[in-house]
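Below is one structure, written out as structure tokens; the observations come after it.
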Amino acid sequence: MMIRVLTATAMLTAAIGTATAQDLAAGATAYKKCAACHDVGPTAKNKVGPVLNGLEGRKSGTIEGYNYSEANKASGLTWDEATFLDYIKDPKAKIPKTKMVFAGIKTEAEAKNLWAYIKQFGPDGQKK
């Protein structure tokens, strides 16, 4: 009986790890929609949009060297999953007069996978 429990636990743990990897892989695919304007990783630079390294917990409009809209700087947002999911559906609805021109990601699963992908990058661009 104990062997069955341990085997089931090991299989469940492996399945959870696989699900996380699939979410990150799906997030990496979703990120391709962002990559023309945003950069992540150790060599990331501001492009049309700001670097997304260290997004989780960061106040909106604060990346050094990026020229944010006044609306973005004054939004008072601090990025976390709930804020990101609400924002990414329709950026202009969340921050009217933002410079971000993007139709949004409408499916919650894709948005959650994208958040999982982005939040893995710390402020230095290294994966946490």
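Can you tell me which of A25, A82, A15, A21 is under 18 Å from E108 (Cα atoms), at pLDDT below 95 and part of a helix (DSSP H, G or I)? Matching residue, one of A25, A82, A15, A21: A21. Just to be sure before I move on: is A36 in contact with a Lys or Arg (Cβ under 8 Å, 6 or more places away or on another chain), modelled with pLDDT of 95 or more and assigned to a loop (DSSP other than H, G, I, E, B) in the structure I sent? Considered against the rule, which asks whether it is in contact with a Lys or Arg (Cβ under 8 Å, 6 or more places away or on another chain), modelled with pLDDT of 95 or more and assigned to a loop (DSSP other than H, G, I, E, B), A36 comes out as yes. Go through segment 55-85 residue by residue and tally those that are more than 19 Å from N113 (Cβ to Cβ) and either of a type in the set (G, A, S) or free of Cβ contacts under 8 Å to residues at least 12 places away in the same chain (or both). Counting residues in segment 55-85 that are more than 19 Å from N113 (Cβ to Cβ) and either of a type in the set (G, A, S) or free of Cβ contacts under 8 Å to residues at least 12 places away in the same chain (or both) gives 12.
Annotation note: Cβ proximity below 9 Å between a residue of segment 36-47 that is under 14 Å from G122 (Cα atoms) and without any contact (Cβ under 8 Å) to a residue 24 or more places away in the chain and a residue that is of a type in the set (K, R) and surrounded by 11 or more Cβ atoms within 10 Å (Cβ to Cβ) (sequence gap 6+ or interchain) occurs for D39/K47. Name every residue in segment 103-128 that is more than 20 Å from R58 (Cα to Cα), within 15 Å of the chain's Cα centre (by Cα) and not in a helix (DSSP H, G or I), in order of residue number. Matches in segment 103-128: G104, I105, K106, T107. Among residues of segment 62-75 being within 20 Å of the chain's Cα centre (by Cα) and more than 15 Å from K92 (Cα to Cα), the one that is surrounded by the fewest Cβ atoms within 10 Å (Cβ to Cβ) is E64.
Of the residues making up segment 48-60, at least one is surrounded by fewer than 17 Cβ atoms within 10 Å (Cβ to Cβ) and either among the charged types (D, E, K, R) or in contact with a Ser or Thr (Cβ under 7 Å, 6 or more places away or on another chain) (or both). Take segment 85-128 and flag every residue that is at pLDDT 95 or above and touching a strand residue (DSSP E or B) at 6+ places or on another chain (Cβ under 9 Å). Matches in segment 85-128: Q120, F121, K127. Do we find that I63 is of a type outside the set (S, T, N, Q), modelled with pLDDT of 95 or more, within 27 Å of V101 (Cβ to Cβ) and in a helix (DSSP H, G or I) in this structure? Here the answer is no, as I63 does not meet what is asked.
The values are calculated or read from the model by the stated rules, or taken from the named source; none is laboratory data. Note that the coordinates shown come from a computational prediction; the quantities given were computed from them, not determined experimentally. Using ideal geometry, Cβ is built from the backbone for each residue, glycine included, and neighbour counts are taken over all protein chains shown.
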